[in-house]
Amino acid sequence: MSLDHAATKPHEQLAAALADDLTAVNTLIRERMASEHAPRIPEVTAHLVEAGGKRLRPMLTLAAARMCGYDGPYHVHLAATVEFIHTATLLHDDVVDESSQRRGRPTANLLWDNTSSVLVGDYLFARSFQLMVETGSLRVLDILANAAATIAEGEVLQLTAASDLATTEDIYLQVVRGKTAALFSAAMEVGGEIADQDAATKQALFDYGDALGISFQIVDDLLDYGGTKATGKNVGDDFRERKLTLPVIRAIAAADAGERDFWVRTIGKGRQEAGDLDHAIALLAKHGTMEATRLDALAWAEKAKSALDAIPDHALKQMLVDLADYVVARIT
């Protein structure tokens with residue numbers, strides 16, 4: 001039975017194992033997203049924070065800390081920090097992408113306005129840094145501050161590379177590491193840092209998060225051209241938004257003159273017509289880029305699992321291994 005149909009999915013197993021910690025994280029999030037003077041802040045934040053997300057990134061921090069034997073209070077602060085950073089980036093992303101839906105609900109920028117979304121995102125970034133400082137660890141501050149900068153850098157790089165047909169696989173990977181993997185890897189690494197682990201252990205945690213995040217994003221991009229409603233993806237959104245993702249980058253690299261003209265018109269210039277999405281999908285199939293990308297996602301998931309070889313056996317470790325399999329379950 002695939003993980004998609006498992007009675008209890010890996011992220012649900014993690015949530016059950018970390019239930020007390022997650023309750024403390026949720027309590028702290030609600031406390032720190034409050035604002036005495038600006039009630040719109042908790043309104044906007046609650047709309048997204050309480051929209052039914054899996055809390056995957058904060059769970060990575062909690063799991064890493066517990067797996068490393070940490071028994072203090074600050075893994076809760078760091079998990080809340082990670083969730084605030086993630087929520088802030090989502091608020092900003094929805095404004096940049098002019099999105100109208102997220103997790104099946106209207107976006108904050110649609111319900112309120114762009115200005116509110118941007119400013120509340122800024123507030124959450126500020127709150128996240130307050131939480132980091134409370135741990136008293138300069139290294140934790142360094143890891144998460146670097147992650148926040150890398151996320152912003154990745155988003156800006158995507159702006160310039162998204163519709164540029166000269167975008168390479170290396171640039172794509174740099175974007176993915178910025179917009180997705182940076183927070184996964186930081187979430188894992190700070191769990192080891194707060195538990196005062198050695199450099200090799202912290203590197204293993206970082207490597208797991210990095211590979212998991214890359215696999216996660218590649219799967220998401222792949223499903224944009226081959227998913228269904230059952231996978232939670234609207235097929236063709238990236239094509240319509242002219243985003244160059246790995247299957248398309250590879251198809252462009254293999255294109256003949258006529259095919260290249262198609263990609264220039266639809267992605268480069270944004271002149272899309274009825275039937276173009278179907279033709280794009282046919283070109284991806286012709287050049288085998290969907291299958292090649294699928295194999296890449298699987299390889300990154302294997303790298304994530306291999307990174308945990310350096311970590312002693314632990315029930316949470318096995319759940320993280322299963323989580324890497326679950327991330328790619330939709331394409332296996």
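The values are calculated or read from the model by the stated rules, or taken from the named source; none is laboratory data. Remember, it's a predicted structure, so these values are computed and weren't measured experimentally. Positions of Cβ are backbone-derived with ideal geometry, glycine not excepted, and every protein chain shown enters the neighbour counts. Heavy atoms of the whole protein, side chains included, go into the accessibility calculation; ligands, DNA and RNA do not. Shrake-Rupley method; radii C 1.70, N 1.55, O 1.52, S 1.80 Å.
Against the chain, whose longest principal axis is taken from its Cα atoms, helix 114-134 shows a tilt of about 40°. Output the pairs from 179/286; 9/317; 243/303; 9/179; 179/243 with a Cα-Cα distance over 22 Å in this structure; if there are none, say none. 179/286; 243/303; 9/179, as the Cα separations exceed 22 Å there. With point charges of +1 on the Cβ of Lys and Arg and -1 on the Cβ of Asp and Glu, referenced to the Cα centre of the chain, which listed residue (168, 216, 310) lies farthest in the positive direction of the dipole? Of the options given, the answer is 216. Can you bin region 136-293 into rounded, prolate or oblate? Criterion: square roots of the alpha carbon gyration tensor eigenvalues sorted a ≥ b ≥ c, rounded for a/c under 1.5, prolate for a/b above b/c, oblate for the rest. The shape class here is prolate. According to the Kirkwood relation over distinct C-alpha pairs, the hydrodynamic radius of the chain is 20.6 Å. Put a plus charge on the Cβ of each Lys and Arg, a minus charge on the Cβ of each Asp and Glu, and nothing anywhere else: the dipole of region 239-320 about its Cα centre is then about 260 debye.
Evaluating kT/(6 pi eta Rh) at 25 °C and 0.890 mPa s, with the Kirkwood radius of region 186-277 over Cα pairs in the Stokes-Einstein relation, gives 156 µm² s⁻¹. Specify whether the C-alpha gyration tensor of region 117-205 places it in the rounded, prolate or oblate class, a ≥ b ≥ c being the square roots of the eigenvalues: rounded for a/c under 1.5, otherwise prolate if a/b is larger than b/c and oblate if not. Judged from the Cα gyration tensor, region 117-205 comes out oblate (a/c at least 1.5, b/c at or above a/b).
Ranking 289, 185, 73 by how far each Cα lies toward the positive end of the dipole of the chain (charges on Cβ) leaves 289 at the top.
Accessible surface area normalised per residue over the chain is 44 Å², counting heavy atoms of protein chains with a 1.4 Å rolling probe.
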